[in-house]
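Notes to accompany the following structure.
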Amino acid sequence: MRERFSTELKTAMKAGDKRRVDTIRMILAALKDKDIEARVAGKSVADEDVLAILQKMVKSRTESQEIYAKAGRADLATQEGEEIAIIQGFLPTPLSETEVEAAITAAITETGAASIKDMGKVVGALKAKYAGRMDFGKASALVKGKLGA
């Protein structure tokens, strides 16, 4: 993924796409921060961590976009929207609602989950298989519903 960021940055610089250049630099800065944090802890940054960073950036910008829109700052809301689109271009395609339902059902079957006490196992299995492809906040609620909470 890091190579893709570098390649995209070079392409955007050559094309003179300032918004894209700034956004990719922001991503690279966040990755560098995560690398430093991981190095101190004696770990390495995996692709799942990179996906989590990107998802966090999208969520943050979505919240900012809503705030700017409510405050009547259409220019800043538009800027946030453009950054969201660029960041989402690096994320894998999210699962549809039916695919999420099927994945949850499969994870419950795989883990042998029978009650709400097994929710952690199910969500853990989903995170291992579908990192970056589903909203685990919503998935957790669906798992809870299926396990009879």
Problem - Helix 136-146 axis, angle to the chain major axis (alpha carbon atoms, nearest 10°) - result: 20 degrees
Practice task
Can you check how the C-alpha radius of gyration of region 18-127 compares to 2.2 N^0.38 Å, as a plain ratio?
Solution key: 1.37
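Rank these for me by crowding, M57, M119, M13, going from fewest to most other beta carbons within 10 Å. If you can, show how the numbers build up before the last one.
Working: M57 21, M119 18, M13 14.
In increasing order of surrounding Cβ atoms, one gets M13, M119, M57.
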Exercise for the section: Could you sort out which of K59/K129; K70/K117; K32/K144 sit more than 29 Å apart by Cα distance in this structure? Expected result: K70/K117; K32/K144
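Just need the relative contact order of region 2-88 here, percent rounded to a whole number, with Cα pairs under 8 Å and 6+ apart.
Details: 54 pairs, mean separation 23.6, N = 87.
Relative contact order of region 2-88: 27 percent.
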Practice task
Report, ordered by chain and residue number, the lysines lying within cross-link reach of K10, taken as a straight Cα distance under 16 Å and ignoring same-chain residues fewer than 8 apart.
Solution key: K18
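Using alpha-carbon pairs under 8 Å, 6+ residues apart, how would you state the relative contact order of region 97-146 in percent?
Working: 30 pairs, mean separation 20.4, N = 50.
Here the relative contact order equals 41 percent.
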Handout entry: Label-point separation in nm, D17 to K32, each point 7 Å along Cα→Cβ
Key = 2.2 nm
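Give the value in nm², to one decimal: projected area of the alpha carbon convex hull of region 42-94, averaged over all directions. All intermediate terms of the calculation are to be shown ahead of the outcome.
Values: hull surface 17.3 nm².
With every direction weighted equally, the projected area is 4.3 nm².
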Fill in the blank from the handout: Computed on Cα atoms only, the convex hull of region 97-146 has an orientation-averaged projected area in nm² of 2.9 nm²
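Where a number appears in this text, it was derived from the coordinates with a stated rule and is not lab data. Predicted model only: the values in this text are computed from it and were never measured. Positions of Cβ are backbone-derived with ideal geometry, glycine not excepted, and every protein chain shown enters the neighbour counts.
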